[in-house]
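Engineer: The structure follows.
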Amino acid sequence: MAATTEAPVALKKNYLTALKEALDEEMQRNKLMLCQGEDIGRLGGAFGVTDGLQAKYGVDRVVDMPISEAAIIGSAVGMALNGMTVMAEMQFIDFISCGFDQIVNMMATYHYRTAGEVNIPVVVRGPAGAYGGGALYHSQMNEAWFCNSPGLKVVCPSTPYDAKGMLKAALRDGNPVIFYEIKELYRKREIEEELPTDDYIVPLGKAAVRREGTDVTLVSYGQNVYHCLEAAAELEKQGISAEVIDLRSLVPLDEETIFASIAKTSRVIVVNEAPMTCGFAGEVVARITTKAFHLLDAPPSRVTRMDTPVPWVKPLELHVLPSVEKIVNEAVRLVRF
Amino acid sequence: MSAKSGSATAERAEQRQGSRRPSESLTREECLELFKQLYLARYFDIRLIKEKKRGRLRGTLYSSHNQEAILVGSLFGLQPTDWISPIHRDMPAFFLKDIRAGWDNDNRIGMTIEEVCCQVWGKVGSPGRARDNWSHIGSKAKKIIHSTSMLAGTIPAAAGVTYADRLQGGNCVALTYNGEGSTAQGIFHEAINYAAVHKLPVITIIENNQWAYGTPTDLESPLEDFADRAKGYGIPGLIADGQDVFDVYDKVMEAVNHAREGKGPAIVECKTFRAYGHGDHDDDRAQKYRPAEEVEKGRQRDPIAVCRKRLIELGHLTGDAATSFMAEGKGASEATNDDFPPEVVAYLNKGIEAAIASPLPAAEEGAMWVFKENN
Ligand SMILES: Cc1ncc(C[n+]2csc(CCOP(=O)(O)OP(=O)(O)O)c2C)c(N)n1
């Protein structure tokens, strides 16, 4: 066969591969980094995020841990105290509750209580989110627990590019970071993209405008960003122009990007899949009403999960979660307000 | 990965072949040093009780009275590279660490008495700038894990510290201190199980003082000996007489040598008795839930008296030296400065003066150091 003269087709990468590359490159770069979690070594992780890393870096740096979230997180704190950077994987982010005390009392407060003597470069990451029939204990977005615990950074990328760049940024940040991955996005073909071949990071604390618009701002993160984009396409058919903001990072929060958008649209809906009561959407709305009230032509609004657990069966699940339809309806209501 | 055992460790292991107890190799000077350390811990406690009663201190004091032999005996065999993780009742451990270097030696590894006193008084001179109370301090430089209120909550950190150390070519051990009541916490199990799987050199000391706040041991666990918890992890569980500083030293050294040789964690239960209430806020109520006879019986074997007797037997204390400093058994209300070696009194006073001279932190500090600032 004749040799082709065309440039090689750049390979598009999925969200999961992006995360794996971030871990691989950071382990390569930082000899004092290790990964630990349940089944992450021999098996390569329940979802495959760490696949191949143990073969490359050895059993001492990619550690299969007992089923003890408290030990996974608590020992990582000790390792960090003694010079290391640790990625601690939660098999599902729901199980982070079993290590809750170690996170909020031990890890989050360390820098504060030592007046800056000690900092804890630990990233606790794991698959999160609903829409796949994971049911009550494999669907949660429990980010509000940690946003409410000062000393933790809390992030949630929605694209492969961000997944890689933000995981690298988190591992270099020097602070404890709770890193929400969206398991429904791990292998989603539609969102695959080319990644830079050079080292890059996506700084924590910067939101991204995913679509420009003039009538209403949809603020979201994670899986719901795609629901907002679909809703925006639907709204366009109805003559409504929606701007879509992907927060990417909840703590720290990029207020500027939100307020700049509201200055254009004067209407805002915050969309997330955690329950409404005391959820992060409420925090965003509170900041808007406190600091950007003068920019608004309608009350800021929320589309969130109902205040229920996430049920298993599909119609029930869709009923309680945010949907394109719910976002569209709320946007129409606000525009007519 | 196998832990490196240095030649010093191998030598020590060889010495033990003759099955001499480690304490039998201590020199006269070392024995007298141990004795003085018991006084130092006791005097610190008694002085703070007095200061607290006079209303000069904020917060709660958890007395280590009658439990000093556990701290002194366990710390005495450590190397400067080793880590410790004390809890609420172990306040003297923060400045007793590495006492072998001499308790008033500038090259000591533990915190200085000034730093510890600044913490107690809530002053800026404490390592954590007094952002949390009393025993909630630590020092990365001095290898003391910063304690929190969450009982048993720092054992996993101690395990992690040793893992990181081993990965970086070190040969440290970590001692954690825990009340027997705290062994009921899930995190206690999770941390030790993890350490056992990875053969991490973590030694869990259980200070069995027979009471967890207002609850006696038989309502905390069906076990008679808390050292038996070790069986569930396939690791050694040793029992020491917590009133006898030499026995504590022997058992902890046995565990330390085991751990340093790469054989993994161990539990050392030290049997003792809590002399006062759970904290100073509890002293009056403690009389309701603890019969006076039990308290009297529990306090009969004072660690200072036990040590003195042994030193006399060994011929290390003779004549006047054998009878001076009678603080043993005396509580905070009866003991006076004359009951303590003058250098011990002077040493602590130095710390207290520094604490009084140190300023309070500025109010704005309350909102600082939530995050490490980047660039
Ligand atoms: C997780 C947790 N639960 C409860 C407490 C409250 N508390 C502090 S000390 C204590 C009793 C501890 O008893 P023990 O472990 O036997 O230690 P001791 O005080 O007798 O030395 C309790 C219940 C706490 N600090 N942390």
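The values are calculated or read from the model by the stated rules, or taken from the named source; none is laboratory data. These numbers come from a predicted model, not from an experiment. Because the Cβ atoms are built from the backbone with ideal geometry, glycine has one as well, and the counts that use them run over all protein chains shown.
Engineer: Scan the range B:25-72 residue by residue and report those that are closer than 19 Å to B:A355 by Cα and among the small types (G, A, S).
Structural biologist: Of everything in the range B:25-72, those that are closer than 19 Å to B:A355 by Cα and among the small types (G, A, S) turn out to be B:A41, B:G55, B:G59.
Engineer: Looking at (1) modelled with pLDDT of 95 or more; (2) in a loop (DSSP other than H, G, I, E, B), can you tell me which one B:S333 breaks?
Structural biologist: With respect to (1) modelled with pLDDT of 95 or more; (2) in a loop (DSSP other than H, G, I, E, B), B:S333 is out only on (1).
Engineer: Just give me the residues in the range B:276-319 being within 16 Å of the ligand (Cβ to nearest atom) and in contact with an Asp or Glu (Cβ under 9 Å, 6 or more places away or on another chain), in sequence order. Lay out the reasoning, then the answer.
Structural biologist: Filtering the range B:276-319 down to residues within 16 Å of the ligand (Cβ to nearest atom) leaves B:276-283, B:285-286, B:289-290, B:294-295, B:298-299, B:303.
Scanning the range B:276-319 gives B:Y276, B:G277, B:P303.
Engineer: Quick check on the range B:163-178. Is at least one of its residues aliphatic (A, V, I, L, M), at the interface with chain A (Cβ under 9 Å from one of its Cβ atoms) and within 16 Å of the ligand (Cβ to nearest atom)?
Structural biologist: Checked the range B:163-178: no residue is aliphatic (A, V, I, L, M), at the interface with chain A (Cβ under 9 Å from one of its Cβ atoms) and within 16 Å of the ligand (Cβ to nearest atom).
Engineer: Going through the range B:181-199 one residue at a time, which ones are over 19 Å from B:I70 (Cβ atoms), surrounded by 21 or more Cβ atoms within 10 Å (Cβ to Cβ) and within 13 Å of the ligand (Cβ to nearest atom)?
Structural biologist: If the condition is that a residue be over 19 Å from B:I70 (Cβ atoms), surrounded by 21 or more Cβ atoms within 10 Å (Cβ to Cβ) and within 13 Å of the ligand (Cβ to nearest atom), then B:I187 is the only one that fits.
Engineer: With A:G74, A:G78 as the choices, which residue is of a type outside the set (S, T, N, Q), within 16 Å of the ligand (Cβ to nearest atom) and under 15 Å from B:A164 (Cβ atoms)?
Structural biologist: Criteria check complete, one pass: A:G74.
Each row is one residue, and each column tells you yes or no for (1) in contact with a Lys or Arg (Cβ under 9 Å, 6 or more places away or on another chain); (2) within 13 Å of chain B (Cβ to nearest Cβ); (3) surrounded by fewer than 19 Cβ atoms within 10 Å (Cβ to Cβ).
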position: A:G132; (1), (2), (3): yes, no, yes
position: A:N142; (1), (2), (3): no, no, yes
position: A:V154; (1), (2), (3): no, yes, no
position: A:P160; (1), (2), (3): yes, no, no
position: A:G165; (1), (2), (3): no, no, no
position: A:N175; (1), (2), (3): yes, yes, no
position: A:Y180; (1), (2), (3): yes, no, no
position: A:T197; (1), (2), (3): no, no, yes
position: A:L204; (1), (2), (3): yes, yes, no
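Engineer: What strands (runs of 3 or more DSSP E) completely inside the range A:209-252 contain at least 1 residues that are at pLDDT 95 or above, crowded, with 24+ Cβ neighbours inside 10 Å and β-branched (V, I, T)? Before you say what the answer is, go through the steps one by one.
Structural biologist: On the way: elements: A:216-220, A:242-246, A:249-251.
So the answer is A:216-220, A:242-246.
Engineer: Testing B:V245 on (1) more than 26 Å from A:P66 (Cβ to Cβ); (2) within 16 Å of the ligand (Cβ to nearest atom); (3) hydrophobic (A, V, I, L, M, F, W, C), one condition comes back false. Which one is that?
Structural biologist: (2)
Residue-by-condition table, conditions (1) in a helix (DSSP H, G or I); (2) touching a residue at least 12 places away in the same chain (Cβ under 8 Å):
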{"position": "B:V120", "(1), (2)": "yes, yes"}
{"position": "B:R129", "(1), (2)": "no, yes"}
{"position": "B:A164", "(1), (2)": "yes, no"}
{"position": "B:T176", "(1), (2)": "no, yes"}
{"position": "B:A195", "(1), (2)": "yes, yes"}
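Engineer: While we're on this one: For the range B:242-275, what are the residues that are without any contact (Cβ under 8 Å) to a residue 24 or more places away in the chain and either assigned to a loop (DSSP other than H, G, I, E, B) or crowded, with 21+ Cβ neighbours inside 10 Å (or both)?
Structural biologist: Hit for the range B:242-275 is B:K251, nothing else.
Engineer: Filter the range B:138-154 for residues that are aliphatic (A, V, I, L, M) and away from the ligand (no atom under 12 Å from the Cβ); which is farthest from B:A93 (Cα to Cα)?
Structural biologist: B:A141
Engineer: Can you name the residue in the range A:50-91 that is of a type in the set (S, T, Y) and under 20 Å from B:A141 (Cα atoms) and is also nearest to the other protein chains (Cβ to nearest Cβ) among such residues?
Structural biologist: A:S75
Engineer: Let me ask you something else. So, of the residues in the range B:200-241 that are within 14 Å of chain A (Cβ to nearest Cβ) and touching a helix residue (DSSP H, G or I) at 6+ places or on another chain (Cβ under 7 Å), which turns out to be nearest to the ligand (Cβ to nearest atom)? Explain how you work it out, then say what you get.
Structural biologist: First pass over the range B:200-241, keeping only residues within 14 Å of chain A (Cβ to nearest Cβ): B:200-202, B:204, B:232-234.
Retained after the next criterion (residues that are touching a helix residue (DSSP H, G or I) at 6+ places or on another chain (Cβ under 7 Å)): B:200-202, B:204, B:233-234.
Values: B:L200: 22, B:P201: 23, B:V202: 18, B:T204: 12, B:Y233: 19, B:G234: 24 Å.
Taking the candidates together, the pick is B:T204.
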